[in-house]
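Asker: Handing you this structure, nothing more for now.
Rule-based calculations on the coordinates, nothing more; no lab input. Here the structure is a predicted model, which means the values were calculated and not measured. Because the Cβ atoms are built from the backbone with ideal geometry, glycine has one as well, and the counts that use them run over all protein chains shown.
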Amino acid sequence: MHIVWREETKTFHLFNEQISYIMKVLRNGQLGQLYFGKRVHDREDFSYLLEILSRPMASCTFEDNREFSLEHIKQEYPSYGTGDYRAPAVEVVQNNGSRISNFVYKGHTITEGKPALEGLPATYTEDDAEAQTLIVDMEDDVVGLKMKLSYTIFARGGIIARSVRFENAGNEALHLTAAMSLCLDLPDCNYDWMQFSGAWARERQLRVRHLEMGVQSVGSRRGHSSHEHNPFVILKRPNADEFQGEAIGFSFVYSGNFLAQAEVGAHNTTRVLIGIHPDGFDWKLGTGESFQTPEAVMVYTDRGLNDLSQTFHQLYHKRLVRGYWRDRVRPILINNWEATYMDFDEEKILDIAQRAKDCGVELFVLDDGWFGARCSEHAGLGDWVANTNRLPEGITGLARRIEDMGMKFGLWFEPEMVNKDSNLYRAHPDWILHVPGRPSAHGRFQYVLDFSRKEVVDCIYNMMDKILSEAKVSYVKWDMNRSITECFSPALPADRQGEVFHRYILGVYDLYERLTSKFPHILFESCASGGARFDPGMLYYAPQTWTSDDTDAIERLKIQHGTSYCYPISSMGSHVSTAPNHQTGRNAPLHTRANAAYFGTFGYELDLNTLSEEEQEQVKDQIRFMKEYRHLLQFGTFYRLESPFEGNVTGWMVISGDKKEAIAGWFRVLSGANQPCSRLYLKGLDPDAAYHVTVRRETEREFGQFYGDELMHAGLITSDASSSSGAEGLCDFESRLFILKAENK
Ligand code: DGJ
């Protein structure tokens with residue numbers, strides 16, 4: 001990988017074996033965008049790519065010329081109001097009320113590796129040879145506002161990570177009212193826009209539409225990244241599919257309000273912006289103060305969507321997730337939420353745990369309801385002290401008993417929330433986000449603690465620290481069950497209220513950082529009513545996320561499939577739950593529930609005592625199977641073969657780095673009579689290797705031996721389960737796993 005600077009033409013060329021990213025200092029000192037795509041040869045001058053033309057009605061920068069018009073020039077980080085009418089990346093309100101700024105090139109530095117972003121999650125390098133970083137220094141001379149545009153190119157993969165830092169070196173206080181993390185101006189608009197949207201219990205459903213003139217966007221103003229939209233979008237060429245063609249993915253490493261948008265202009269150019277949502281954002285930059293935007297990551301591929309996803313998976317698994325659990329297979333857990341909800345006592349918990357232990361489960365997780373006066377949604381949040389009526393010897397005693405059984409113990413918290421019926425709220429009613437003198441909306445009868453205040457974060461830290469220090473806790477589920485309203489902090493002055501949403505997230509990150517540093521061996525799983533904070537920001541602290549509150553295996557096909565476009569399999573919390581399912585009422589067979597959950601961290605969310613003996617034997621076998629294959633399932637290369645958004649069948653596959661082992665999952669939603677034959681076309685195999693294949697339903701049996709090229713090109717025949725009447729598995733919600741092992745060549 002290289003970052004080349006051509007002094008004469010003032011051109012930057014960042015490239016590795018796969019991509020080139022080219023920019024140039026423009027005649028007006030601003031930075032112009034020339035190219036992002038497949039690697040091209042380096043040359044002295046790429047100015048021809050600017051396509052500067054004289055256009056009617058254009059607003060022009062120079063008096064002697066009517067060609068240089070910012071509305072028609074592709075830019076790196078456009079500012080508001082100087083002739084570019086598209087949405088800006090930055091807007092600065094000044095003392096005199098002006099919003100006009102003009103950032104010009106002052107210099108740059110190129111360093112090996114990648115500097116950390118203070119207080120914010122970001123991708124990282126472990127060795128300087130893994131990446132190079134370019135920091136371009138820009139300045140608005142009129143107000144003395146410095147801006148550092150940061151670009152990291154990784155040695156491997158079509159990846160560019162970007163962020164921006166502002167420093168007020170002038171004499172007046174300024175207000176940033178837009179400070180996006182990334183802008184990319186593309187020369188045409190022949191793209192399909194892919195977004196991952198939905199609602200509670202049906203997160204990250206793929207939606208695709210062709211770009212049209214005007215703005216298309218997704219975002220969140222809820223204070224979390226949200227169930228409704230994910231901070232990840234893809235632009236793909238219309239002819240691109242999972243296995244070939246050009247696509248660019250844009251991912252925002254952040255957990256709060258965001259905006260991701262594409263704006264197609266009158267001449268068919270496309271501007272992509274991603275960053276903190278400008279609505280309601282107003283960051284005061286006093287003299288000498290600085291502001292760091294979160295990071296945005298873009299990935300280019302010309303090899304289709306699977307390749308795009310695999311690049312994100314590799315980057316996020318290896319260089320975003322951190323710590324002890326990054327490369328370790330995840331424990332098979334049982335969570336009591338759907339088994340008991342808040343109706344439990346210690347005896348019931350131990351009963352569930354013991355049966356789980358007998359089946360081979362490794363970790364018991366105690367969910368909501370163990371603390372304070374928490375017997376319903378109305379009380380207790382904020383009082384992180386065990387309810388000894390339910391747990392006579394507190395968390396310490398329960399954790400010890402679970403450990404004595406031979407299992408690890410995990411615990412649920414919702415650190416950012418408080419119920420009015422709690423000791424914490426009674427002591428500090430002013431600690432919630434609220435506007436004095438106005439009513440506050442509740443969500444699930446709870447209120448949001450003002451995490452922009454250090455004393456609030458400190459107080460929650462102390463309570464959690466005490467429990468985690470006293471009891472033997474190996475796992476924490478960190479939940480967040482409502483969106484933010486009345487986002488106002490009485491602790492901040494009027495001219496800083498536009499900072500509260502972001503300061504809140506910084507407080508969340510601060511608490512995560514303190515807890516994960518003090519307890520590096522605890523496995524953290526983030527959660528926000530299921531998947532309302534399934535974002536890269538969370539993954540920096542918590543290597544896995546509860547994917548959705550919808551535990552129905554058939555619904556999960558779409559949810560996990562959509563999630564996989566950006567996020568690795570090892571990050572997806574996935575459990576087998578009871579039938580009929582609590583969210584859908586569906587009765588999916590036990591093996592299908594497990595087959596979907598294997599493509600994730602895997603666990604159970606039911607009382608195994610309620611299963612028949614035969615089913616418990618099946619569970620034991622599932623756990624044995626997952627223990628044998630979880631490294632492959634969680635860390636292998638993942639392929640989407642067939643999409644649940646397009647048809648009745650979903651196909652997934654994971655393959656080991658050496659191509660010696662693979663597992664393919666085949667899922668069919670509805671059965672039918674006298675169906676056509678069907679095949680799964682596998683990917684990524686060694687064409688010359690002979691694979692021994694077994695098929696797994698309730699039990700495992702021989703399937704045959706095939707060469708890799710046969711399985712990829714002729715296909716793996718799944719029609720026994722789909723076409724003939726009377727065949728095994730002729731039912732709705734059927735699924736199979738095919739396990740492939742290369743025989744010694
Ligand atoms: C929402 C989570 O997603 C559930 O798994 C469960 O932990 C509940 N909250 C508990 O209140």
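Asker: Give the long-range amide H neighbours of residue 477: residues separated by 5 or more places, or on another chain, with amide H under 5 Å away, using H modelled in the peptide plane at 1.01 Å from N.
Answerer: Those lying under 5 Å, H to H, from residue 477 are 411, 412, 413, 525.
Asker: Cα-based Rg of the stretch 627-699 per 2.2 N^0.38 Å, rounded to two decimals?
Answerer: 1.21
Asker: Translational diffusion coefficient, Stokes-Einstein: compute it for the stretch 415-518 using the Kirkwood radius over C-alpha pairs as Rh, at 10 °C and 1.306 mPa s, and state it as an integer in µm² s⁻¹.
Answerer: 110 µm²/s
Asker: Return the Rg/Rh ratio of the stretch 537-602 with Cα-based radii and a Kirkwood Rh.
Answerer: 0.98
Asker: Can you order the peptides 93-101, 130-138, 399-407 by their average number of other Cβ atoms within 10 Å per residue, highest first?
Answerer: Top to bottom by mean Cβ count within 10 Å: 130-138, 399-407, 93-101.
Asker: Sticking with this structure for a sec: Might you report the magnitude of the Cβ-based charge dipole of the stretch 501-659 about its Cα centre, with Lys and Arg at +1 and Asp and Glu at -1, to the nearest 20 debye?
Answerer: In debye, rounded to 20, the stretch 501-659 gives about 520.
Asker: With charges only on Cβ, +1 for K and R and -1 for D and E, what is the dipole size of the chain about its Cα centre, in debye, rounded to 20?
Answerer: Dipole about the Cα centre, nearest 20: 220 debye.
Asker: Using each residue's phi in the stretch 356-373, evaluate 6.51 cos²θ - 1.76 cosθ + 1.60 at θ = phi - 60° and report the 3J(HN,Hα) Karplus result to the nearest Hz, with x for Gly and Pro.
Answerer: These are the phi-based 3J(HN,Hα) values: 5, 4, 4, 8, x, 5, 9, 9, 9, 10, 8, 8, 3, x, 8, 10, x, 9 Hz.
Asker: Positive end of the charge dipole of the chain (Lys, Arg +1 and Asp, Glu -1 on Cβ, about the Cα centre): tell me which of 441, 304, 643 has its Cα farthest that way.
Answerer: Of the listed residues, the answer is 304.
Asker: Work from the charge dipole of the stretch 532-691 (Cβ charges, +1 for Lys and Arg, -1 for Asp and Glu, about the Cα centre) and give the residue of 618, 678, 689 farthest towards its positive end.
Answerer: Value computed over the given set: 689.
Asker: Could I ask something else about it? Rounded to whole Å and ordered largest first, report the semi-axes of the equivalent ellipsoid of the stretch 398-466 derived from its Cα gyration tensor (root of 5λ).
Answerer: 31, 13, 9
Asker: For the peptides 472-484, 198-210, 539-551, what is the packing order when you average, over each peptide's residues, the other Cβ atoms within 10 Å and list the highest mean first?
Answerer: Listed from highest to lowest mean packing, they are 539-551, 472-484, 198-210.
Asker: Find the Rg to Rh ratio for the stretch 459-580, where Rh is the Kirkwood radius over alpha-carbon pairs and Rg uses the same atoms.
Answerer: 1.02
Asker: Related question: If R₀ is 60 angstrom, what is the calculated FRET efficiency for the pair residue 373 and residue 99, using the beta carbon separation as r and rounding to 0.05?
Answerer: Calculated transfer efficiency: 0.75.
Asker: Can you give me the long-range amide H partners of residue 37? Hydrogens built in the peptide plane at 1.01 Å from N, cutoff under 5 Å, separation of 5 or more residues or another chain.
Answerer: 20
Asker: Please work out the C-alpha center-to-center distance from the stretch 200-274 to the stretch 701-716 and express it in whole Å.
Answerer: So the two Cα centres are separated by 37 Å.
Asker: Indicate the gyration tensor shape class of the stretch 238-318 (rounded, prolate or oblate), computed on the Cα atoms with a ≥ b ≥ c the square roots of the eigenvalues: a/c under 1.5 is rounded; otherwise a/b larger than b/c is prolate and the rest oblate.
Answerer: Since a/c reaches 1.5 but b/c is at least a/b, the shape of the stretch 238-318 is classed as oblate.
Asker: Continuing with this model, one more query. Which three extents, in angstrom, do the Cα atoms of the chain have along their principal axes, listed largest first?
Answerer: So the extents along the principal axes, rounded to whole Å, are 86, 68, 44.
Asker: Counting only other residues whose beta carbon sits under 13 Å from that of residue 10, what net charge do I get with K and R as +1, D and E as -1?
Answerer: Local charge sum for residue 10: -1.
Asker: May I pose another question? Take the alpha-carbon positions of the stretch 59-200, form their convex hull, and give its projected area averaged over all directions (one quarter of the hull surface) in nm².
Answerer: Over every viewing direction, the Cα hull of the stretch 59-200 projects on average to 12.6 nm².
Asker: On to the next question. Need one word for the stretch 1-136: rounded, prolate or oblate. Basis is the Cα gyration tensor (sqrt eigenvalues a ≥ b ≥ c); a/c below 1.5 gives rounded, then a/b vs b/c decides.
Answerer: Oblate, since a/c reaches 1.5 and b/c is not below a/b.
Asker: If you find the alpha carbon centre of the stretch 1-52 and of the stretch 106-143, how far apart are they in angstrom?
Answerer: Here the answer is 18 Å between Cα centres.
Asker: Quick check on the stretch 122-246: what are the equivalent-ellipsoid semi-axes from the Cα gyration tensor, as sqrt(5λ), descending, whole Å?
Answerer: 31, 21, 17
Asker: Which of 110, 329, 235 sits farthest toward the positive end of the charge dipole of the chain, with +1 on the Cβ of Lys and Arg and -1 on the Cβ of Asp and Glu?
Answerer: The one lying farthest along the dipole's positive direction is 110.
Asker: Continuing with this model, one more query. If packing is taken as the average number of other Cβ atoms within 10 Å across a peptide's residues, how do 247-258, 586-597 rank, most packed first?
Answerer: Top to bottom by mean Cβ count within 10 Å: 247-258, 586-597.
Asker: Also, quick follow-up: Whole-Hz Karplus ³J(HN,Hα) for the stretch 258-263, in order, using 6.51 cos²θ - 1.76 cosθ + 1.60 and θ = phi - 60°, x for Gly and Pro?
Answerer: Rounded to whole hertz, the list is 8, 9, 10, 9, 10, 10.
Asker: Spelling out what I want: for every residue of the stretch 67-75, take phi, set θ = phi - 60°, compute 6.51 cos²θ - 1.76 cosθ + 1.60 (Karplus), and round to whole Hz; glycine and proline get x.
Answerer: With the stated coefficients, the stretch 67-75 comes to 9, 7, 10, 5, 5, 10, 9, 6, 10 Hz.
Asker: Where nothing but the Cβ of Lys and Arg (+1) and of Asp and Glu (-1) is charged, how large is the charge dipole of the stretch 1-114 around its Cα centre, in debye to the nearest 20?
Answerer: Computed charge dipole of the stretch 1-114: roughly 220 debye.
Asker: Still on this structure, please answer the following. Can you check what the Kirkwood hydrodynamic radius comes to for the stretch 521-630, Cα pairs only, in Å to one decimal?
Answerer: 14.3 Å
Asker: Quick check: Cα centre of the stretch 159-180 to Cα centre of the stretch 500-562, how many Å?
Answerer: Going from one Cα centre to the other spans 27 Å.
Asker: Turning to a different aspect of this structure: How would you classify the stretch 298-454 from its alpha-carbon gyration tensor, with a ≥ b ≥ c the square roots of the eigenvalues: rounded for a/c under 1.5, else prolate if a/b is greater than b/c, otherwise oblate?
Answerer: oblate
Asker: With viscosity set to 0.692 mPa s at 37 °C, what whole-number translational diffusion coefficient in µm²/s follows for the stretch 178-230 from Stokes-Einstein and a Kirkwood radius over Cα pairs?
Answerer: It comes out at roughly 255 µm²/s.
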